[in-house]
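Enquirer: Handing you a structure now.
The values are calculated or read from the model by the stated rules, or taken from the named source; none is laboratory data. Values in this document were obtained by computation on a predicted structure and should not be read as measured data. Backbone-built Cβ (ideal geometry, glycine too); neighbour counts: all protein chains shown.
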Amino acid sequence: MVKNDRIVSLKTFGHIDKAKHQKVNSNTVFRLASVSKTFASTIATMLAQEQKLHLSDPITKYVPHFTLAKEGAAE
């Protein structure tokens, strides 16, 4: 739990396998899958509203070495 930008409680529960042999701990990694797209788009929109980036700019303006399989597609 977070209160006033500080972690006030950190606990885990559950198991990482169906057989319940291994418990979840603070180092357990959970896959976000397609949920990460929602986070990325929300953050990008918030940065655009703060005028820290422009949504119409190419990604290479902010990440110069970014490339895609098709040459020039990132621009």
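Enquirer: Output the residues belonging to region 59-70 that are in a loop (DSSP other than H, G, I, E, B) and surrounded by 12 or more Cβ atoms within 10 Å (Cβ to Cβ).
Expert: Once the filter is applied, which keeps residues that are in a loop (DSSP other than H, G, I, E, B) and surrounded by 12 or more Cβ atoms within 10 Å (Cβ to Cβ), region 59-70 yields Y62, F66, T67.
Enquirer: Could I ask something else about it? Quick one: which of S56, S41, S9, S34 is of a type in the set (S, T, N, Q) and modelled with pLDDT under 90?
Expert: Only one candidate passes the filter, namely S34.
Enquirer: How do the pairs read when you match residues in region 57-75 that are closer than 19 Å to A44 by Cα with residues anywhere that are charged (D, E, K, R) and surrounded by 10 or more Cβ atoms within 10 Å (Cβ to Cβ), using Cβ under 6 Å and keeping only pairs 6 or more apart or on different chains?
Expert: Once the first residue is closer than 19 Å to A44 by Cα and sits in region 57-75, its partners that are charged (D, E, K, R) and surrounded by 10 or more Cβ atoms within 10 Å (Cβ to Cβ) give P58/E75; T60/E75.
Enquirer: Here is a further query. Quick one: which of A74, A19 is out of contact with any strand residue (DSSP E or B) (no Cβ under 6 Å at 6 or more places or on another chain), loosely packed, with under 10 Cβ neighbours inside 10 Å and assigned to a loop (DSSP other than H, G, I, E, B)?
Expert: On the way: A74 fails: loosely packed, with under 10 Cβ neighbours inside 10 Å.
Result: A19 is the single residue among A74, A19 that is out of contact with any strand residue (DSSP E or B) (no Cβ under 6 Å at 6 or more places or on another chain), loosely packed, with under 10 Cβ neighbours inside 10 Å and assigned to a loop (DSSP other than H, G, I, E, B).
Enquirer: I'd like the full set of residues that are modelled with pLDDT of 90 or more and part of a loop (DSSP other than H, G, I, E, B), limited to region 22-31.
Expert: Q22, V24, N25, N27, T28
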